[in-house]
Amino acid sequence: QVQVVESGGGLVQPGGSLRLSCEASGSIFSINTMGWYRQASGKERELVARTTSSRTTNYADSVKGRFTISRDNARDTVYLQMNSLKPDDTAVYYCYVILRRVPSDPGSIYWGQGTQVTVSS
């Protein structure tokens, strides 16, 4: 079994900061990509940021310069530091992990349960 657990969401004023965390645990051989999607009410889910095992990072244009993704491989944890938050950043943020449970595993995606981020005055 693999578990993906997020934490760190909440209510913040415009211009404020939040840090999301996501830890993968369980039967894991290796982790390739870790990242975050978000889904605002009435909108499609969109990629926010991701980081690969080679430390390549990608960001949505809307968050470049404000959000920073990082990972701690020793803890199988990924972080999303969100600064200069805007009301448009309000959404449920979902962590995802692409990992192999055994060496022969081609890789599967696992999702967290989601954490609400609300940016409002």
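The values are calculated or read from the model by the stated rules, or taken from the named source; none is laboratory data. All values derive from a computational prediction rather than experimental measurement. Cβ atoms come from the backbone with ideal geometry, glycine included; neighbour counts cover every protein chain shown. Side chains included, ligands, DNA and RNA excluded: accessible areas come from the protein's heavy atoms. Shrake-Rupley method; radii C 1.70, N 1.55, O 1.52, S 1.80 Å.
Values for this structure:
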{"item": "Single residue of A91, A49, A74 found to be under 21 Å from V4 (Cα atoms), out of contact with any strand residue (DSSP E or B) (no Cβ under 8 Å at 6 or more places or on another chain) and not basic (K, R)", "result": "A74"}
{"item": "The one condition in (1) within 20 Å of W111 (Cβ to Cβ); (2) in contact (Cβ under 8 Å) with a residue 24 or more places away in the chain that E44 fails to fulfil", "result": "(2)"}
{"item": "Selection count, the range 5-17, where residues are open to solvent by less than 30 Å² (accessible area, probe 1.4 Å) and out of contact with any Cys (no Cβ under 6 Å at 6 or more places or on another chain)", "result": "3"}
{"item": "Filter pass, S17 being hydroxyl-bearing (S, T, Y) and farther than 27 Å from G107 by Cα", "result": "yes"}
{"item": "Boolean, Y110 is under 18 Å from G26 (Cβ atoms), at pLDDT 95 or above and open to solvent by 50 Å² or more (accessible area, probe 1.4 Å)", "result": "yes"}
{"item": "Any hit, the range 30-43, residues being farther than 21 Å from T118 by Cβ, surrounded by 14 or more Cβ atoms within 10 Å (Cβ to Cβ), of a type in the set (A, V, I, L, M) and in contact with a Lys or Arg (Cβ under 6 Å, 6 or more places away or on another chain)", "result": "yes"}
{"item": "Sole residue being without any contact (Cβ under 8 Å) to a residue 12 or more places away in the chain, within 24 Å of R100 (Cα to Cα) and of a type in the set (S, T, N, Q), chosen from T56, T52", "result": "T56"}
{"item": "Filtered residue count, the range 47-101, keeping only those that are of a type in the set (S, T, N, Q), over 17 Å from R19 (Cα atoms) and surrounded by 15 or more Cβ atoms within 10 Å (Cβ to Cβ)", "result": "1"}
